[in-house]
Protein chains: 2
Amino acid sequence: MTWLARVYVTLKPVVNDPQGLTIRQALADLGFGSVRQVRSGKYFEIQLEAPDRDAAEAQVDAFCRRLLANPVIEDYRFEVEQLSPARA
Amino acid sequence: MTWLARVYVTLKPVVNDPQGLTIRQALADLGFGSVRQVRSGKYFEIQLEAPDRDAAEAQVDAFCRRLLANPVIEDYRFEVEQLSPARA
């Protein structure tokens, strides 16, 4: 069974985000003064094989812990969705 | 009124994604052979001021077109959510 996981990795709120600050400034320079805050992060779409939803979620959690996120400075969350049989 | 926009920027499906390929290989090297495909992207959380939802969405669309996404090789989508008055 094929699953699609959408993974969001964000910096923890206490961690400085120079990329986000730069984007906020760039938006201000473009005339968008309404922007209060920008936080940057990473996004991954992962297709994987797993027998059921629990197994798929356990695998994606392991991907995040072992590779995709740095637990010292980053948080992660994800959603898992079953791909239709036609795409599997 | 304060709004939170969640912006997802992804490479168009026809565009090569060397970062995604590298992550897939790294996951395989870690023993996760169940991974079929990884696509990498960017994720932003933006807080902005706007009088209503339509105005907020129009602004975020402009942010994406003018700064956050490269329309030649990337797609974007976003969601806008009103922050509670306590946080506004």
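Tabulated data for the structure shown
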| read-out | value |
| --- | --- |
| FRET efficiency estimate (nearest 0.05) - Cβ-Cβ, B:Glu81 to B:Asp54, R0 22 angstrom | 0.95 |
| Label point 7 Å beyond Cα along the C-beta direction, distances from A:Asn70 to other copies (nm, shortest first) | 2.4 |
| Accessible area (Å², per residue) of segment A:1-44, counting only protein heavy atoms and a probe of 1.4 Å | 49 |
| Between segment B:1-18 and segment A:27-88, the alpha-carbon center distance in angstrom | 12 |
| Accessible surface buried upon A-B contact (total; probe 1.4 Å; Å², nearest 100) | 3100 |
| With every protein chain in place, chain A: carbon and sulfur % of accessible area (1.4 Å) | 51 |
| Total formal charge among the other residues, if their Cβ is under 12 angstrom from that of A:Tyr76, Lys/Arg +1 and Asp/Glu -1 | +2 |
| Distances in nm from A:Asp29 to the matching label points in the other copies, shortest first (labels 7 Å along Cα to Cβ) | 3.7 |
| Distance histogram in 5 Å bins (all Cα pairs of chain A, percent per bin) | 3, 14, 20, 15, 13, 11, 10, 8, 5, 1, 0 |
| Chain B Cβ-axis minimum, rotational copy A, residue and distance in Å | B:Tyr43, 2 |
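The values are calculated or read from the model by the stated rules, or taken from the named source; none is laboratory data. Here the structure is a predicted model, which means the values were calculated and not measured. Positions of Cβ are backbone-derived with ideal geometry, glycine not excepted, and every protein chain shown enters the neighbour counts. Heads up: the accessible areas ignore ligands, DNA and RNA and are worked out on the full protein's heavy atoms, side chains in. Shrake-Rupley method; radii C 1.70, N 1.55, O 1.52, S 1.80 Å.
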